[in-house]
Amino acid sequence: MKNPLRIGLIGSKFMGRAHSNAWKKAASFFETPLRPVLQVACARHRHSLEEFAAQWGWQQTETDWKKVVNSPDVDVVDIALPQQLHYEVALAAAREGKHIFCEKPVAMNSRQAEEMLRVCEENKVVHYLNHNYRRTPAIAFARRLIDAGKLGRIFHWRCAYQQDWIVDPAFPLTWQLRAETAQAGPQWDLNSHAVDLAHYLIGPIATVSGLTAQFVAERPLADESSSGNLQADALGDALGKVTVEDAALMMVQFANGAVGSFEATRFATGRKNALTFEIYGSKGSLKFDLERMNELEFYSAEDADGCQGFRTIQTTEASHPYAAHWWPPGHIIGYEHSFVHAAVDFIEAVASGTPIEPNFASGVQILKVLEAGLESARTQKQIVL
Ligand code: SOE
């Protein structure tokens, strides 16, 4: 019997479900060095928490997150909460010597993230920031191709992250649309993923020019108790001010000389969760689309003359990252699998005592870029990082 790794999950909504599923699947599909145990789940509302815990198989429940963080029965604190709460919970967890698996975006601002990093380092705990898309086989394979030099010198990064869940002005003013609870809109929620991928695939960003837009200024107040899975009920007719941007764009220069663009919006009507990127290099190019996430398009200028063209690689072969642990070639995987891969890599990091990326240090770098984007949008000046 493997040693257990006892997880304390805080949060029971969209990400609470995604993380529960990941902990449950990790040791069944992968040979993890430790066996994750769903020890305790924590959320504010007792009734819905009990239902959630029973559904996912959490052994205990708790409505006070401090008791989870202090519990001697917990080895890992899994923070599946809105960003407003990451800082306080992460600091307390690290001070109790708990390893941390934390949802993105890392925090409300880079100062908080820096302190989260410092306290984790002081207490020698493993800290992981869940930008899960890095761990889709196609994106991990894109990184392999880049590392193998198949793209040559990289010139261009072009990324769009498009959703449409708030196009309707009657969509209520949920926590994601208020600066005091979310800090920013798609710049934090969506461009944080995009910048993480750019850092992973291209490298550090040196300069940023930003532009933001707000399309709907007021919305009906939200009944937060009904919110989840990107939907919520309105409380009544009363309106409140939207205090974050609805769309955020950036143009950047990377330290290696490449240039790039980012477009993040919740107003791309018809686009549900469309994360696409293109990379152009001297020897080849790549294109990825999350809504076709098993595929990676690859163009090689080294192919024989007359045979060149974008090919579509199904990243389901046993030789592709993570793929051998799932199904035979061509039997595709989905969104939730990237969370399982994150859980597996995290368990390995804890077992071996080695760092995992992205982590709170990555989070600091990501937020510095995002903050520069908003500052540039406000001042209409390019920001040098
Ligand atoms: C909502 O915009 C959201 O759920 C993000 O918060 C996630 O990180 C992203 O993966 C999907 O969209």
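Below, the figures for the structure above:
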item	result
Residues satisfying the stated conditions in segment 118-154, i.e. in contact (Cβ under 8 Å) with a residue 60 or more places away in the chain and within 18 Å of E88 (Cα to Cα)	C120, V126, H127, Y128, L129, N130
Answer from Q231, Q187 - the residue that is within 15 Å of the ligand (Cβ to nearest atom), at pLDDT 95 or above and under 26 Å from L129 (Cα atoms)	Q187
Check on G270, open to solvent by 30 Å² or more (accessible area, probe 1.4 Å), out of contact with any helix residue (DSSP H, G or I) (no Cβ under 8 Å at 6 or more places or on another chain) and of a type in the set (G, A, S)	yes
Of all residues making up segment 121-149, the number that are assigned to a loop (DSSP other than H, G, I, E, B) and surrounded by 18 or more Cβ atoms within 10 Å (Cβ to Cβ)	4
Options A343, A318, A304: the member that is touching a helix residue (DSSP H, G or I) at 6+ places or on another chain (Cβ under 7 Å) and surrounded by fewer than 12 Cβ atoms within 10 Å (Cβ to Cβ)	A318
Qualifying residue in segment 21-39 (condition: within 16 Å of the ligand (Cβ to nearest atom) and outside any loop (DSSP other than H, G, I, E, B))	yes
Top-ranked residue in segment 209-259 [being open to solvent by less than 50 Å² (accessible area, probe 1.4 Å) and among the hydroxyl-bearing types (S, T, Y); ranked as nearest to the chain's Cα centre (by Cα)]	S227
Residue list for segment 3-22, restricted to those being open to solvent by less than 10 Å² (accessible area, probe 1.4 Å), under 15 Å from the mean Cα position of the chain (by Cα) and either under 14 Å from S338 (Cβ atoms) or hydroxyl-bearing (S, T, Y) (or both)	H19, A22
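Listed here are the residues, each with its yes/no results for (1) under 21 Å from L34 (Cβ atoms); (2) open to solvent by 30 Å² or more (accessible area, probe 1.4 Å).
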position	(1), (2)
D75	yes, yes
D78	yes, no
L91	no, no
I100	yes, no
E114	no, yes
V119	no, no
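The values are calculated or read from the model by the stated rules, or taken from the named source; none is laboratory data. From a predicted model like this one, the values you see are computed outputs, not experimental measurements. Glycine also receives a Cβ, built like all others from the backbone with ideal geometry; neighbour counts cover every protein chain displayed. When the accessible area is computed, the model is the full protein with side chains, heavy atoms only, and any ligands, DNA or RNA have been set aside. Shrake-Rupley method; radii C 1.70, N 1.55, O 1.52, S 1.80 Å.
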